[in-house]
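Each remark here refers to the structure printed beneath this line.
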Amino acid sequence: MLRQLPRWAWVGGGLLALGAGCINVVGYLCFRHQPITHLTGTSTEFGLAVARGDAGEIAHWGLVILAFLLGAMLSGFIVQQGALRLGRRYGVVLMLESALLFAATPLIHGGHDLGLYFASAACGLQNAMVSTYSGATIRTTHLSGIFTDLGIYLGHRLRGLEVDSLRINICLLVASHFIAGATLGALGFMLWQERVLLVPATLTGAVGLGYAIYRHRHFG
């Protein structure tokens, strides 16, 4: 039986992945040249700093990791459950993410590390907001797990095993929109530099506010 992801989830997931791609490309192009939306490269930099005994860099990378973790913790506290379901407090999380990105933009533009910590916390909020939908993993701020899952599903298909098309389509949705967001973010950076972060900040804020209004009217 072919399962379907709700239309609002398709649109929301695509927009969030698009925004995450834009945020991450700003991290690479700004003064620090670092990833923001995931912690693999950050943890590697942290390990390098520890090996070199560079206290300043240890503190920086440690704070980036801590900020992401705190954002994820806050999201878990607000939403409470990881399974996607209409009526949960996603709007609050998205508006908090938007506020952090608005605060981060002038700081990153001015070369202040604090802006990167705000942006990292914003991505932790977003990534922890939704974990699964009917058994399919949904992560909108990084692609390692997405491409791993996609490879597994395609491998199963090659073996003639049954694979739920929904899971493949979710992987394709997130991957394509993240890459599109990175492309658009890079183009925007040429025009507006770090201020291109205002685009995902506005996007997440608008989506969050719209969802909050919908939730209030239909769920009280």
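Assorted remarks:
- The range 34-101 has equivalent-ellipsoid semi-axes of 31, 11, 9 Å, by the square roots of 5 times the alpha carbon gyration tensor eigenvalues, sorted largest first.
- For the range 1-145, the solvent-accessible area of protein heavy atoms averages 44 Å² per residue (probe radius 1.4 Å; ligands and nucleic acids excluded).
- Over the chain - Rg/Rh using Cα atoms and the Kirkwood inverse-distance radius: 0.99
- Relative packing of peptides 87-95, 210-218, 22-30, 142-150 - highest average C-beta neighbours within 10 Å first: 22-30, 87-95, 142-150, 210-218
- Estimated from helical segments only, the mean residue ellipticity of the chain at 222 nm is -25500 deg cm²/dmol, where each DSSP H run of four or more residues counts as -39500 (n - 2.57).
- Solvent-accessible area, 1.4 Å probe, carbon plus sulfur percent, for the chain: 66 percent
- Dipole magnitude for the chain: about 780 debye, using +1 per Lys or Arg Cβ and -1 per Asp or Glu Cβ, origin at the Cα centre.
- Values of log10 I(q)/I(0), in the order q = 0.11, 0.17, 0.23 Å⁻¹, for the range 144-216 under a Debye, Cα-only, solvent-free model: -0.48, -0.81, -0.96
The values are calculated or read from the model by the stated rules, or taken from the named source; none is laboratory data. In this text the structure is predicted, and so the values were computed from the model without any measurement. All Cβ positions, glycine included, derive from the backbone under ideal geometry; neighbour counts span all protein chains shown. With ligands, DNA and RNA removed, areas are computed over all heavy atoms of the protein, side chains included. Shrake-Rupley method; radii C 1.70, N 1.55, O 1.52, S 1.80 Å.
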